[in-house]
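Taken together, the values in this text are just the output of simple stated rules run on the coordinates, not laboratory data. Just so you know, these numbers come straight off a predicted model, no measurement behind them. Cβ atoms come from the backbone with ideal geometry, glycine included; neighbour counts cover every protein chain shown.
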């Protein structure tokens, strides 16, 4: 394969991918010269060391739009789009964000900013390291294969680490846009994380949205076995008035129960 063909087939690529595709192993300067030539011609731009983005021919490299999901998917050799970035990829994130999260087993690097967009690597939860493919799907996106957590795993991850979004209204509104969840997959992944507060948050959300998700009491029964033995705070840093939800031993802000962000119906 020559460089021209490679660029047509790869919207975003690492230097290792280029080296392997072009079968350049011994003479590294050859690849460096090729990259320097195409950078100078404006055929590619460098995102960061070792990561490049292909520019459409005739387009201005300085203003050419780049896709942050593609970039996040290449930030590490094992990148997986996760948390609110996965919600956004699946079209379920309520508000647009300029920060994108990927999880990796590699050493986590400091957040990286490109064109006012922040890319943040987070270590894969240590509890799930033994199950690297659980709740992960490979998606063909813009001609590239990228890895992203499923909606079921994303649902659990977001409730397990809500601080990554740090806004319960945003979390609730985003999760409320999910039309269907496979509860067996939800429970299987939650068991791996094995956090009783996370169990309670999951069960509370499902209970509160029975009609929306088409759930019955029978669907919720498996979660009874994992709820906290004593009351846990949904958010222990929240200073608002709270209410105990006895069914799940979860202390919940009243604003979340009442969905105070919803506008009242107007009277005409």
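One table, with the values for the structure above:
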{"quantity": "Whole-angstrom gap from segment 22-71 to segment 174-228, using each part's C-alpha centre", "calculated": "44 Å"}
{"quantity": "Gyration tensor verdict on segment 16-86 (Cα atoms; rounded if a/c is under 1.5, prolate if a/b is larger than b/c, oblate otherwise)", "calculated": "oblate"}
{"quantity": "Segment residue 15-residue 78, length gained on full extension (0.36 nm per residue, minus Cα span)", "calculated": "21.2 nm"}
{"quantity": "Segment 98-227 - percent relative contact order, Cα under 8 Å, separation 6 or more", "calculated": "17 percent"}
{"quantity": "Using a Förster distance of 35 Å, the FRET efficiency for residue 260-residue 127 (Cβ separation, nearest 0.05)", "calculated": "0.55"}
{"quantity": "Candidate values [x] 127; [y] 138; [z] 173, label of the one derived for volume of the Cα convex hull per residue in Å³", "calculated": "[z]"}
{"quantity": "Percent RCO, i.e. relative contact order, over the chain, from Cα pairs under 8 Å lying at least 6 residues apart", "calculated": "12 percent"}
{"quantity": "Extension gain, residue 8 back to residue 176 (0.36 nm per residue minus Cα-Cα distance, nm)", "calculated": "56.6 nm"}
{"quantity": "Average Cα contact separation per residue, segment 1-69, under 8 Å, 6 or more apart, as relative contact order %", "calculated": "31 percent"}
{"quantity": "For segment 3-54: rounded, prolate or oblate by the Cα gyration tensor [a/c cutoff 1.5]", "calculated": "rounded"}
{"quantity": "Least to most buried among 141, 53 (fewest other Cβ within 10 Å first)", "calculated": "141, 53"}
